[in-house]
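Written out below as structure tokens is the structure these notes cover.
No lab work stands behind these numbers, since they all come straight from the coordinates. Everything numeric in this text was worked out from a predicted model, so none of it was measured. Virtual Cβ from ideal backbone geometry, glycine too; neighbours counted across all protein chains shown.
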């Protein structure tokens, strides 16, 4: 019922009751006030209902966001140490491979019996053992063989680190993910330079591989260590309960 319809209805009702003057005005005022209060209560009830629905929707949205944030934080807390551990393994193995100072057993000075004992205890394949027996420069041949073994192991360690970072990149902070990727790219470049330099017997290229690892990758490695430590400590502080405050007397 609109306000105009209400007025017409009130006038009709007053006329029907035979009221006039002050009594009619009092009746109209009373009935109008009750109608206004009824409409107000009706609209307030509708507003409260709509507000309750909106609050419930917001509560669901907030709870979903909080749950997602907790899951993301939990995943990051588990994956960051794993990524760091794989980076340490890959970095240390590449550093050992490309370091300019290497130590090898002097197989040239071994007697035939000593050489056989050495080969028996080694992990060389039968064909590689034969190559070493027949080589004139046994030290150089052993270096070539063992380098291929070590390079293969290093590649496995490197790809394990790189693939882990790629698979779990969405769980890492963007800056930390970028640092992981840059470190991976630098290590790969140093490894390729070492392999290519050794293949070409180019000592300058081999020295450049160590220089790249030491001057480019090492600072990234150290910055990643600090960033991971800070991130994990931040999660630890966020997860720790706040100390209880003393109750005022």
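Find how much the distance from residue 150 to residue 233 grows on full extension, using 0.36 nm per residue of separation minus their present alpha carbon separation; answer in nm with one decimal.
26.3 nm
For a protection proxy built on the mean count of beta-carbon atoms within 10 angstrom, sort 154-166, 198-210 highest first, please.
Peptide ranking by packing, descending: 154-166, 198-210.
For the pair residue 112/residue 189, report the inter-label distance in nm, with labels modelled 7 Å from Cα in the Cβ direction.
For residue 112 paired with residue 189, the spin-label model returns 5.2 nm.
Kindly rank 188-197, 173-182 from highest to lowest mean number of other beta carbons found within 10 Å of each residue. Could you put the intermediate results ahead of the total?
Values: 188-197: 18.8, 173-182: 16.0.
Result, highest mean first: 188-197, 173-182.
When the chain is fully extended, how far beyond the present Cα-Cα distance does residue 127 get from residue 85, taking 0.36 nm per residue of separation?
11.6 nm
Can you give the FRET efficiency to the nearest 0.05 for residue 201 and residue 178, using r as the Cβ-Cβ distance and R₀ = 30 Å?
Using R0 = 30 Å, I get an efficiency of 0.25.
With the radius of gyration and the Kirkwood radius both derived from the Cα set of region 60-234, what is their ratio Rg to Rh?
Radius of gyration over Kirkwood radius for region 60-234 works out to 1.15.
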